[in-house]
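First the structure, in the form of structure tokens, and then the observations on it.
FYI, it's all coordinate maths here, none of it is from the lab. All values reported here derive from a predicted model rather than from experimental measurement. Every residue, glycine as well, gets a Cβ built from its backbone with ideal geometry; the counts of neighbours run over all protein chains shown.
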Amino acid sequence: MSTTRLVLVLVQTLFNELASTPPNPTPEKGRYATDQLYIFRLGPLILRIQQLLVRLCTALEILFYLLALDAFSTFIPSHGYRIPLPASESALHLPRAFAKPTPLTPTPVFLFGVLLVVAGGLLRLTCFRYLGELFTFHLSVHPSHRLITSGPYSIVRHPAYVGSLSIIAGLICSHFTPGSWLWEIGPLAFLSLHPFVGIGSVRACVAFAFAAVWWLWTLGIGLSRVVAEDKQMCLLFQEEWDAYAARVRWWFIPGLI
């Protein structure tokens with residue numbers, strides 16, 4: 001694993017942490033849209049689980065990097081890089097089939113993923129700043145609620161969800177593609193032995209399926225929440241909301257959705 005990838009994995013994890021941590025507690029009173037489908041009400045809980053899993057993947061990539069250092073590794077001249085010693089493999093419960101060199105490298109897809117996570121994180125942090133005490137992870141009305149129409153909210157109505165979708169896409173690019181710990185020596189590596197003719201490897205299919213479900217589920221949560229939020233803001237602000245909605249027509253991406 002290169003030092004560049006190590007640093008970028010840490011940067012990516014930091015931005016995911018900042019963007020996934022509630023900036024304010026949810027008020028005891030004032031929650032709405034509590035009749036949503038249960039799978040969508042789980043959003044904040046799933047976000048917390050996602051945060052923990054990203055930490056785990058980051059820790060395992062760092063562990064592999066440390067095990068590959070001079071004191072814990074052997075140099076493979078024909079390949080030009082180091083891998084952990086067999087003793088380290090045993091400690092990680094890795095089968096002998098994975099004793100081959102498996103460098104964790106900063107591929108172009110990984111770099112694009114880091115960019116998406118950083119961009120999405122910055123967008124969500126900007127939304128936190130503009131909404132201030134109004135931003136909570138559960139749908140709720142603050143006692144001093146007001147309609148925010150400046151900053152990113154002057155471009156689309158729900159930019160924070162755009163940030164979330166960007167982060168998920170970035171994490172997928174970084175952790176579910178060749179060069180990552182999950183792909184090279186993690187659970188996905190165990191699915192690489194029997195390719196489907198004309199389709200690709202089993203792990204590629206599994207990674208794509210899981211990534212698609214993860215991203216589409218996040219999109220589904222976003223769509224369900226923006227409908228509820230728009231309805232609630234319309235009830236609260238009426239004519240002010242109508243004027244804002246006429247001026248800012250799009251939820252996520254101007255001209256698309």
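Peptides 20-28, 111-119, ordered by how many other C-beta atoms sit within 10 Å of their residues on average, highest first, read 111-119, 20-28. Taking other residues whose beta carbon is less than 12 angstrom from the beta carbon of ARG225, and scoring Lys, Arg as +1 and Asp, Glu as -1, yields +1. From least to most packed, judged by other beta carbons within 10 angstrom and beginning with the fewest, VAL226, VAL7 follow the order VAL7, VAL226. Near the amide H of SER140, within less than 5 Å, lie the amide hydrogens of TYR32, all on another chain or at least 5 residues away, with H placed in the peptide plane. Each label point was placed 7 Å from the Cα along the Cα-to-Cβ direction; for ILE155 and TYR32 their separation is 2.6 nm. Counting charges near ALA33 (Lys, Arg +1; Asp, Glu -1) among other residues having Cβ under 15 Å from its Cβ returns a value of +2.
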